[in-house]
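Data block below; observations after.
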Amino acid sequence: MMLWYFFVIVNSVIPLFSSCTSTAELITKLPGQPDGVSFKQHSGYIATDSRLGHALFYYFVEADASDPLSYPLTLWLAGGPGCSSLGQGAFKEHGPFRPARDGGLMKNEFSWNKVSNMLYVESPISVGFSYSNTTVDYADWKDADTARENMQFLLGWFKEYPKYRDSDFYIAGESYAGHYVPPFAALVVDHNKHSHANPIKLRGIALGNPFLDNHISVDSANFLWSHGVISDETFKLKKTVCNDTRYWTEVFHDKLSKECAMVSAKQAEEMGNFTDPFDVLGPYCFSGTTAVRSAPRSSWDAYHAKLPSRMALADPCLEDYIVSYLNNPRVQVALHANRTKLPSVWDICSSPFSLRDTGIGDNIIPVLSALIKEHLRVLLFSGDQDSRIPLTQTRTIANLIARDLKFSSFGGYAPWYDRMESRLVDGLSHLVGQEKGRSRLA
């Protein structure tokens with residue numbers, strides 16, 4: 001089952017955005033692309049800090065319609081921190097194509113470009129094909145820097161694609177994008193208040209299984225116990241000795257205590273090697289490539305372990321095909337990607353950032369509560385098979401905001417709170433967009 005909620009966002013930040021250079025190019029045809037594609041695709045880089053050599057890579061897919069300008073524009077950000085919206089969002093979830101075992105591409109019948117123009121941005125710098133010429137920047141990177149550069153990207157992108165400046169605009173993302181999307185939307189709202197230019201027509205945001213607050217979002221004890229994944233004993237230990245908030249705080253700061261290590265080990269033993277915390281009922285990919293990439297190398301990797309290695313209701317080894325496809329030199333040329341020509345390997349999730357410094361402990365819930373009055377539509381949705389950020393926790397946060405703003409529900413079991421709605425769809429994981437194709441477009 002899946003929960004859908006509508007609400008709203010903003011923050012007060014002085015706009016400090018300058019002009020930027022970019023490369024915006026039409027994709028003639030992707031290697032292995034099926035015939036009969038009528039919509040246009042674009043990709044390239046937008047410089048977000050010319051002085052330091054920052055540039056974000058994007059993949060833009062026009063709406064599959066005779067008049068794309070009559071459709072809204074949706075910018076998609078992946079989570080992580082450090083996961084790629086190109087690989088995870090476009091090629092694994094809701095883009096027009098999915099890589100196949102033979103190296104080609106298959107059409108995605110339920111691509112989101114059937115209802116919107118889709119703009120996938122690899123953010124922050126260092127993610128995917130995005131880069132910085134000043135690698136020392138990675139040492140002290142904050143989520144606030146990500147929001148600022150995303151805003152810089154958007155302004156630069158609209159200069160390259162001015163005809164979309166008047167489109168209804170939405171920002172969407174999942175997982176750790178709960179820390180990216182709200183501050184980004186806040187900057188857009190603030191920009192509209194202070195700029196003399198035509199306002200950006202931001203209509204709303206959407207967050208899937210969002211990480212909003214470390215004290216609520218990641219609490220998985222009740223979920224795992226109610227799904228029969230952990231024993232009564234381990235459930236009690238997670239409640240009394242080391243809960244998920246404490247565990248992840250210690251992991252993020254590389255200070256894992258003996259108590260939390262013990263509880264984590266017991267949970268891992270009971271879950272087994274083939275139960276994905278991001279999709280507890282999903283199939284497992286037995287690819288050696290996936291196993292190598294899933295091996296934790298740091299506290300950051302521990303959070304991502306097993307994240308994208310399955311795909312329910314489809315080939316569970318899809319990630320392997322994506323990584324192989326996007327590391328193909330012919331594909332990179334077609335995408336106008338990797339213009340630095342550095343000997344690096346593209347991966348779904350990779351980042352040099354230290355989680356202890358990004359702002360991962362920030363509570364985004366007050367931001368949502370403060371900004372709902374700005375009249376944006378906000379959608380929260382959660383898959384019911386995700387134990388990393390369980391639907392119970394997203395539902396708890398939605399109810400907290402509703403009480404804070406004195407909303408009253410109406411509409412039977414599926415609650416509506418003014419601009420907040422909930423819907424239920426079963427069988428979804430942490431990456432909702434990769435499953436239940438028809439319901440994704442509802």
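What pairs come up if the first residue lies in segment 317-331 and is within 14 Å of Phe129 (Cα to Cα), the second is among the acidic types (Asp, Glu), and their beta carbons are under 8 Å apart, counting only those six or more places apart or on different chains?
Pairs found: Val323/Asp347.
Assess whether Thr74 counts as being among the hydroxyl-bearing types (Ser, Thr, Tyr) and either touching a Ser or Thr at 6+ places or on another chain (Cβ under 6 Å) or modelled with pLDDT of 95 or more (or both). Spell out the reasoning first.
Values: among the hydroxyl-bearing types (Ser, Thr, Tyr): yes; either touching a Ser or Thr at 6+ places or on another chain (Cβ under 6 Å) or modelled with pLDDT of 95 or more (or both): yes.
In short, yes.
When segment 160-176 is examined, which residues are found to be at pLDDT 95 or above and out of contact with any Ser or Thr (no Cβ under 6 Å at 6 or more places or on another chain)?
Answer for segment 160-176, where residues must be at pLDDT 95 or above and out of contact with any Ser or Thr (no Cβ under 6 Å at 6 or more places or on another chain): Tyr161, Pro162, Lys163, Tyr164, Arg165, Asp166, Ser167, Asp168, Phe169, Ile171, Gly173.
Restricting to segment 216-256, give me the number of residues that are of a type outside the set (A, V, I, L, M, F, W, C), buried (at least 16 other Cβ atoms within 10 Å of the Cβ), more than 12 Å from Pro390 (Cα to Cα) and in contact (Cβ under 8 Å) with a residue 60 or more places away in the chain.
1
Against the definition (among the β-branched types (Val, Ile, Thr), surrounded by 24 or more Cβ atoms within 10 Å (Cβ to Cβ) and touching a strand residue (DSSP E or B) at 6+ places or on another chain (Cβ under 9 Å)), how does Val189 come out, yes or no?
On the way: among the β-branched types (Val, Ile, Thr): yes; surrounded by 24 or more Cβ atoms within 10 Å (Cβ to Cβ): no; touching a strand residue (DSSP E or B) at 6+ places or on another chain (Cβ under 9 Å): yes.
No, not satisfied.
Conditions tested, residue by residue: (1) at pLDDT 95 or above; (2) of a type outside the set (Ser, Thr, Tyr); (3) in the same structural domain as Arg388 (by TED's automatic domain parsing); (4) assigned to a helix (DSSP H, G or I).
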| position | (1), (2), (3), (4) |
| --- | --- |
| Leu224 | no, yes, no, yes |
| Phe235 | yes, yes, no, yes |
| Cys242 | yes, yes, no, no |
| Tyr247 | no, no, no, yes |
| Asp254 | no, yes, no, no |
| Glu259 | yes, yes, no, yes |
| Met262 | yes, yes, no, yes |
| Ala268 | no, yes, no, yes |
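Give the residue that is modelled with the highest pLDDT, with candidates limited to residues of segment 183-222 that are touching a Lys or Arg at 6+ places or on another chain (Cβ under 8 Å) and part of a helix (DSSP H, G or I).
Out of the qualifying residues, it is Leu187.
Of everything in segment 313-328, what is at pLDDT below 50 and in contact with a Ser or Thr (Cβ under 6 Å, 6 or more places away or on another chain)? Give them in sequence order. Write out each step before concluding.
Going residue by residue through segment 313-328, those that are at pLDDT below 50 are 313.
None - no residue of segment 313-328 is at pLDDT below 50 and in contact with a Ser or Thr (Cβ under 6 Å, 6 or more places away or on another chain), so the list stays empty.
Looking at Ala65, Ala24, which is the one that is more than 16 Å from the chain's Cα centre (by Cα), at pLDDT below 90 and farther than 21 Å from Pro183 by Cβ?
Going through Ala65, Ala24 in turn, the sole match is Ala24.
Quick test for you: out of Asp426, Asp347, pick the one residue that is at pLDDT 85 or above, part of a loop (DSSP other than H, G, I, E, B) and out of contact with any strand residue (DSSP E or B) (no Cβ under 6 Å at 6 or more places or on another chain).
Numbers: Asp426 fails: at pLDDT 85 or above.
Result: Asp347 is the single residue among Asp426, Asp347 that is at pLDDT 85 or above, part of a loop (DSSP other than H, G, I, E, B) and out of contact with any strand residue (DSSP E or B) (no Cβ under 6 Å at 6 or more places or on another chain).
Could you tell me which residue of segment 38-51 is farthest from Val333 (Cα to Cα), considering only residues that are surrounded by fewer than 18 Cβ atoms within 10 Å (Cβ to Cβ) and among the charged types (D, E, K, R)?
Going through the qualifying residues, I end up with Arg51.
Looking at (1) more than 23 Å from Gly361 (Cα to Cα); (2) polar (S, T, N, Q); (3) surrounded by 20 or more Cβ atoms within 10 Å (Cβ to Cβ), which is the only condition Asn209 fails?
Here Asn209 clears every test but (1).
Could you pull out every one of the strands (runs of 3 or more DSSP E) wholly within segment 77-174 that has 3 or more residues that are surrounded by fewer than 24 Cβ atoms within 10 Å (Cβ to Cβ) and assigned by TED's automatic domain parsing to the domain that holds Leu376?
Once the strands (runs of 3 or more DSSP E) in segment 77-174 are filtered for at least 3 residues that are surrounded by fewer than 24 Cβ atoms within 10 Å (Cβ to Cβ) and assigned by TED's automatic domain parsing to the domain that holds Leu376, what remains is 105-107.
Do we find that Asp35 is buried (at least 17 other Cβ atoms within 10 Å of the Cβ) and out of contact with any strand residue (DSSP E or B) (no Cβ under 8 Å at 6 or more places or on another chain) in this structure? Show your work before the answer.
Numbers: buried (at least 17 other Cβ atoms within 10 Å of the Cβ): no; out of contact with any strand residue (DSSP E or B) (no Cβ under 8 Å at 6 or more places or on another chain): yes.
No.
The values are calculated or read from the model by the stated rules, or taken from the named source; none is laboratory data. Being a predicted model, the structure only gives us computed values, none of them experimental. For neighbour counting, all protein chains shown are included, and Cβ atoms are generated from backbone atoms with ideal geometry for every residue, glycine included.
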